[in-house]
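The values are calculated or read from the model by the stated rules, or taken from the named source; none is laboratory data. Being a predicted model, the structure only gives us computed values, none of them experimental. A quick note on method: Cβ atoms are made from the backbone with ideal geometry, for glycine too, and the neighbour counts reach across all protein chains shown.
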Amino acid sequence: MAVRDITLGQYYPGDSAIHRLDARTKIICALVYLVSLFVVRSFSAFALCIVFLAVVIIISKIPFKFISKGLKPIIFLIILTMIINLLFTSTGTVIATLGPVKITTEGIYRAAFMGLRLVLLIFGSSLLTLTTKPIELTDGLEKLLSPLAKIGLPAHELAMMMTIALRFIPTLLDETDKIMKAQTARGADFENGSLKEKARALVPLLGPLFVSAFRIAGDLAMAMEARCYHGGSGRTRMHQMKFGKGDALAFAVMAVYLALVIVSRQFDLF
Amino acid sequence: MQIKVENLSMIYSPGLPYETKALEDINFTVQQGEFLGIIGHTGSGKTTLVQCIAGLLAPTGGQVVAVAEDGTETVISQKGKEAFQVRRSVGIVFQYPEYQLFEETVMKDVCFGPKNQGLSEDEQKARAREALDLVGINADEKGEASPFDLSGGQKRRVAIAGVLAMQPSVLILDEPTAGLDPKGHDDILEMIRRIRTEKNMTIILVSHNMDDVAEYADRVLAMDRGKLMLLGTPREVFCEHEEELRSVGLDIPAGPAFLWMLKDRGLDLDDNHLSFDDTADEIIRALKK
Amino acid sequence: MASDPIIQLKNVSFAYEQGEEVAPEAAVKAVDGVSFDVERGSFVAIVGSNGSGKSTLAKHFNALLIPTEGEVLVDGMNTAEVAETAPWEIRQKVGMVFQNPDNQLVSSIVEDDVAFGPENIGIEPAEIRRRVDESLKLVGMYEHRKKGPHLLSGGQKQRIAIAGVIAMDPECVVFDEPTAMLDPKGRKEIMSIIRTLHSQGRTVILITHFMEEAAEADRIIIMHNGKVEADATPAEIFSRKDLGVLEQPFAVRLAKRLRESGIEVPADIVTDVQLAEYLCKLK
């Protein structure tokens, strides 16, 4: 059950104004938001990003506890980034010296900055997946990317791959759990020992996992064929996408937000 | 070794909106050498229960205790070296165990358990040979074959041998006959019965097939929505409590089910018969009356 | 009754590719010279031990496999020819439900999964919606339409898979061991849906290990080593003693015992319900 706690990429059912937006709107807005995080140069401007995100979260009615769980699997990555920034920034006033490594004010500033940026990146993108059904997300992507199909981008195939990946994440997690338990029952030890021993214990896990993944893929391909799947041509969709007033409003809000962020660069307070 | 299940509870995702009580205050004891059948719907907690007994899941309440021949008690359902040792005497065969095979040869796969137990290579092989022998696979013929080249039934036997090679005193099997044809089904059950007799092993069989449970088990444990609903001999459970089983939508063996069907249609007979012969005799008696 | 077959098998053989070094004639035939017709609207059960070739055979009914020898006609179309250009024309006539409920659902939302088939054959959106709702109601899963498959039981997932096939409105549905991985409750639900589909006039082909399920068919075909070993009504099949792979259903065994003790039971009684109804009339 432990592997199931991952919320990143999960949908949180709801009927908020955010949930009701067209998937394409949400994808574009999320992208704009992510870009804005890289435009920002100061903490004061970050305050704007945080307030904006907080408002969207409140409107979406998703419990903050649920969103923050999305950080769990990547907390290690965030901390690592922060440490690297902390240790390898040599400009600024030196505060402490650890052998060859110098901790500087600039290092602390950058570490905090990067950490905050990453957290907001995760929150921003998980808000997209939390408020958008996976299938709408992939449909939206397919629609958005379809103009690129003319230059050879396999938009439909990419979207289908995502749909399937989303569908089978829980299945593969269950499968992993099952194999681990079976091997634990046969004396394998995934919990104790050094990092090297733990890594070695994972090797026998990969074999059956790959075999399972291939079996599932084979079964699924067969089932899809049996259900008349033959690529994107001639395919219709049950859900028709249309932009509504809410979407127009969302784009307007997003434009104002982006403008504010860009303007904020002129007024970096700290 | 005796297994005592004491006040066992298991709550998944406590505190979250989708909190589920998989097990609620379960108490029972399994004697050494006993054949216990566990029945219940998907989601009734059967799998969670056996995984707690095998020490693969830590319960949120209560404990599972192993009582050795000399009376020493060890709590299986906790972390630590001692529990880890005792857990090895509880073997568990999961559903579709053949999907778990991973080594290049049958021999290597069966040796995986003994190897983890820290046995020497010779001992590992000796264990593997004995285990393969128990499941009716000739180690000389198939030992060096790839598990993937075997037939479905053979793969399953090899997977079971992989657990037997650890020489457990308790063997838990979760739906060991799922997906097999009628002959393969009977063969596996006969094999389990034989292993039990030869090794005086405790068998815990999780099954959906009421006829199998009625025929093979000494006692039947029925689970319903995380609770222990019934525990008794097949006769007690299937004949005296059939109404309760029906009320939660569980099957009963073909014989009593058919007698019940006749009774329901107005035929005057006694539906407290379990075996095929007794069922037939009762119908003949009722019809000739 | 005039013969009106939906599927015709003419001397069908199939061998899986064994790698290049094996000569074609040495390759093991999973299906070996099988010929029979499936009548429109009939209910046919195919039984046989693991590895008897029944699943391989089933995949020929909707052009998932093309015979290496012989031919398969679906509603008059030769699968080998149609598979080259538009296999979906056959597959929308002959739908297929597989054994593993988990591995045949494409979408992470139930109703979107059911819509997958109709979308592939280019049905109008409003009509897809109607069909999806109708199929989900038929299998009793309408209230679960917004859920994710990973939250459902095996039996429920299998019902979704059936709804996905029904939404294509096929004339014939092939079930490849649909209950093998289910608990008794799930099995009963699936069998009751199969009966409903048959009563709607659809052709049903059921591949199974459970003789109680096969007994409900109009006709049973026994496969053994890639060949048809027997092809007859359930009553005839179960009264034959030479068919080694078979386990007789409870009702058949009981009827035999009753006959031995002088109670007359007609030979065409093969299911529990039939036997119970008959015995109660005796008294």
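If you scan segment B:80-108, which residues turn out to be over 22 Å from B:GLN51 (Cβ atoms) and assigned to a helix (DSSP H, G or I)?
Of segment B:80-108, the ones over 22 Å from B:GLN51 (Cβ atoms) are B:103-108.
B:VAL106, B:MET107, B:LYS108 - these are the residues of segment B:80-108 that are over 22 Å from B:GLN51 (Cβ atoms) and assigned to a helix (DSSP H, G or I).
C:THR56 - would you say it is in contact (Cβ under 8 Å) with a residue 24 or more places away in the chain, under 24 Å from C:ASP218 (Cα atoms) and in contact with a Phe, Trp or Tyr (Cβ under 8 Å, 6 or more places away or on another chain)?
The answer is yes for C:THR56.
Return a yes/no flag: does segment B:232-252 have any residue that is in contact with a Ser or Thr (Cβ under 6 Å, 6 or more places away or on another chain), at pLDDT 90 or above and outside the structural domain of B:VAL163 (by TED's automatic domain parsing).
Among the residues of segment B:232-252, not one is in contact with a Ser or Thr (Cβ under 6 Å, 6 or more places away or on another chain), at pLDDT 90 or above and outside the structural domain of B:VAL163 (by TED's automatic domain parsing), which makes the answer no.
Yes or no: A:GLY246 touching a helix residue (DSSP H, G or I) at 6+ places or on another chain (Cβ under 9 Å), free of Cβ contacts under 8 Å to residues at least 60 places away in the same chain and either part of a helix (DSSP H, G or I) or over 27 Å from C:ASP102 (Cα atoms) (or both)? Explain how you work it out, then say what you get.
Working: touching a helix residue (DSSP H, G or I) at 6+ places or on another chain (Cβ under 9 Å): yes; free of Cβ contacts under 8 Å to residues at least 60 places away in the same chain: no; either part of a helix (DSSP H, G or I) or over 27 Å from C:ASP102 (Cα atoms) (or both): yes.
In short, no.
Given the condition surrounded by fewer than 20 Cβ atoms within 10 Å (Cβ to Cβ) and more than 12 Å from chain C (Cβ to nearest Cβ), answer yes or no: does some residue in segment B:247-258 qualify?
For segment B:247-258, residues surrounded by fewer than 20 Cβ atoms within 10 Å (Cβ to Cβ) and more than 12 Å from chain C (Cβ to nearest Cβ): present.
Name the residue, out of A:THR176, A:THR163, A:THR171, that is β-branched (Val, Ile, Thr), more than 27 Å from C:ASN120 (Cβ to Cβ) and in the same structural domain as A:LEU206 (by TED's automatic domain parsing).
Step by step, each of A:THR176, A:THR163, A:THR171 is checked, and only A:THR176 is β-branched (Val, Ile, Thr), more than 27 Å from C:ASN120 (Cβ to Cβ) and in the same structural domain as A:LEU206 (by TED's automatic domain parsing).
Please enumerate the residues belonging to segment C:133-157 that are at pLDDT 95 or above, of a type in the set (A, V, I, L, M, F, W, C) and outside any loop (DSSP other than H, G, I, E, B).
Those that are at pLDDT 95 or above, of a type in the set (A, V, I, L, M, F, W, C) and outside any loop (DSSP other than H, G, I, E, B): C:LEU136, C:LEU138.
Could you give me the residue pairs with C-beta distances under 9 Å whose first residue belongs to segment A:187-209 and is more than 11 Å from chain B (Cβ to nearest Cβ), whose second residue is surrounded by 11 or more Cβ atoms within 10 Å (Cβ to Cβ) and outside any helix (DSSP H, G or I) wherever it lies, and which are 6+ apart or on separate chains?
Note: pairs meeting the criteria are A:GLU197/A:ASP189; A:LYS198/A:ASP189; A:LYS198/A:PHE190; A:LYS198/A:ASN192; A:ARG200/A:GLY193; A:LEU202/A:PHE190.
Mind checking which residues of segment C:194-210 are farther than 20 Å from B:THR177 by Cβ and over 12 Å from the mean Cα position of the chain (by Cα)?
C:THR196, C:SER199, C:GLN200, C:GLY201
Criterion first (under 14 Å from the mean Cα position of the chain (by Cα), under 28 Å from B:ALA254 (Cα atoms) and within 14 Å of another protein chain (Cβ to nearest Cβ)) does C:MET181 satisfy it?
No: the conditions fail for C:MET181.
Identify all residues within segment B:259-289 that are surrounded by 15 or more Cβ atoms within 10 Å (Cβ to Cβ) and facing chain C (nearest Cβ under 9 Å); write none if there are none.
Those that are surrounded by 15 or more Cβ atoms within 10 Å (Cβ to Cβ) and facing chain C (nearest Cβ under 9 Å): B:MET261, B:LEU262, B:LEU267, B:PHE276, B:THR279, B:ALA280, B:ILE283, B:ILE284, B:ALA286, B:LEU287.
I'm checking my understanding of the structure. Among residues of segment C:220-271 that are surrounded by fewer than 17 Cβ atoms within 10 Å (Cβ to Cβ) and on the phi > 0 side of the Ramachandran plot, which one is nearest to the other protein chains (Cβ to nearest Cβ)?
Once the filter is applied, the top-ranked residue is C:GLY262.
If B:LEU119 passes every condition in (1) over 20 Å from the mean Cα position of the chain (by Cα); (2) assigned to a helix (DSSP H, G or I); (3) within 12 Å of chain A (Cβ to nearest Cβ) but one, which one does it miss?
Evaluating B:LEU119 over (1) over 20 Å from the mean Cα position of the chain (by Cα); (2) assigned to a helix (DSSP H, G or I); (3) within 12 Å of chain A (Cβ to nearest Cβ) leaves (2) as the failure.
Tell me yes or no: at least one residue of segment C:245-253 is assigned to a helix (DSSP H, G or I) and small (Gly, Ala, Ser).
Step one: list which residues in segment C:245-253 are assigned to a helix (DSSP H, G or I), which gives C:250-253.
Remaining after also requiring small (Gly, Ala, Ser): C:251.
Yes, there is a match, as at least one residue in segment C:245-253 is assigned to a helix (DSSP H, G or I) and small (Gly, Ala, Ser).
Please tell me if A:ILE50 is modelled with pLDDT of 90 or more and aliphatic (A, V, I, L, M).
On the way: modelled with pLDDT of 90 or more: yes; aliphatic (A, V, I, L, M): yes.
So A:ILE50 passes the test.
Say whether the condition of being away from chain B (no Cβ under 14 Å), of a type in the set (A, V, I, L, M, F, W, C) and closer than 29 Å to C:SER55 by Cβ is met by at least one residue in segment A:228-250.
Looking for residues that are away from chain B (no Cβ under 14 Å), of a type in the set (A, V, I, L, M, F, W, C) and closer than 29 Å to C:SER55 by Cβ, one finds at least one in segment A:228-250, hence yes.
For segment B:25-53, enumerate the residues that are assigned to a loop (DSSP other than H, G, I, E, B), surrounded by fewer than 23 Cβ atoms within 10 Å (Cβ to Cβ) and in contact with a helix residue (DSSP H, G or I) (Cβ under 8 Å, 6 or more places away or on another chain). Can you show your working first?
Filtering segment B:25-53 for residues assigned to a loop (DSSP other than H, G, I, E, B) gives B:31-34, B:40-45.
Now restrict to residues that are surrounded by fewer than 23 Cβ atoms within 10 Å (Cβ to Cβ): B:31-34, B:41-43.
Scanning segment B:25-53 gives B:GLY33, B:HIS41, B:THR42.
Of the residues that sit in segment C:134-165 and are in contact with a Lys or Arg (Cβ under 8 Å, 6 or more places away or on another chain) and within 12 Å of chain A (Cβ to nearest Cβ), which one is nearest to C:ASN100 (Cα to Cα)?
C:PRO149
Taking the options A:GLY92, A:GLY124, A:GLY70, A:GLY115, name whichever one is touching a helix residue (DSSP H, G or I) at 6+ places or on another chain (Cβ under 7 Å) and either over 26 Å from A:VAL35 (Cβ atoms) or of a type in the set (Phe, Trp, Tyr) (or both).
A:GLY92
Does A:ALA217 satisfy the condition of being free of Cβ contacts under 8 Å to residues at least 12 places away in the same chain and within 9 Å of another protein chain (Cβ to nearest Cβ)?
Yes, satisfied.
If the Cβ limit is 9 Å and pairs must be 6+ apart or interchain, which residue in segment B:88-105 that is closer than 17 Å to A:PHE214 by Cβ and at the interface with another protein chain (Cβ under 7 Å from one of its Cβ atoms) pairs with which residue that is basic (Lys, Arg) and part of a loop (DSSP other than H, G, I, E, B)?
B:GLN100/A:ARG186
Can we say A:ALA223 is part of a helix (DSSP H, G or I), away from chain B (no Cβ under 14 Å), more than 30 Å from B:LEU57 (Cβ to Cβ) and without any contact (Cβ under 8 Å) to a residue 60 or more places away in the chain?
Answer is yes for this residue.
Considering segment C:92-101 alone, what residues qualify as being at pLDDT below 95 and facing chain A (nearest Cβ under 8 Å)?
C:GLN92, C:ASN100
Taking B:SER146 as meeting all but one of (1) without any contact (Cβ under 8 Å) to a residue 40 or more places away in the chain; (2) more than 30 Å from B:PRO59 (Cα to Cα), write down the number of the exception.
Of the numbered conditions (1) without any contact (Cβ under 8 Å) to a residue 40 or more places away in the chain; (2) more than 30 Å from B:PRO59 (Cα to Cα), the odd one out for B:SER146 is (1).
Name the single residue, out of those in segment A:144-171 being more than 14 Å from every other protein chain (Cβ to nearest Cβ) and either crowded, with 17+ Cβ neighbours inside 10 Å or of a type in the set (S, T, N, Q) (or both), that is farthest from the chain's Cα centre (by Cα).
Restricting to residues being more than 14 Å from every other protein chain (Cβ to nearest Cβ) and either crowded, with 17+ Cβ neighbours inside 10 Å or of a type in the set (S, T, N, Q) (or both), the top hit is A:SER146.
Against the definition (over 30 Å from B:CYS111 (Cα atoms), surrounded by fewer than 19 Cβ atoms within 10 Å (Cβ to Cβ) and of a type outside the set (A, V, I, L, M)), how does A:ARG227 come out, yes or no?
Against the criterion (over 30 Å from B:CYS111 (Cα atoms), surrounded by fewer than 19 Cβ atoms within 10 Å (Cβ to Cβ) and of a type outside the set (A, V, I, L, M)), A:ARG227 does not qualify.
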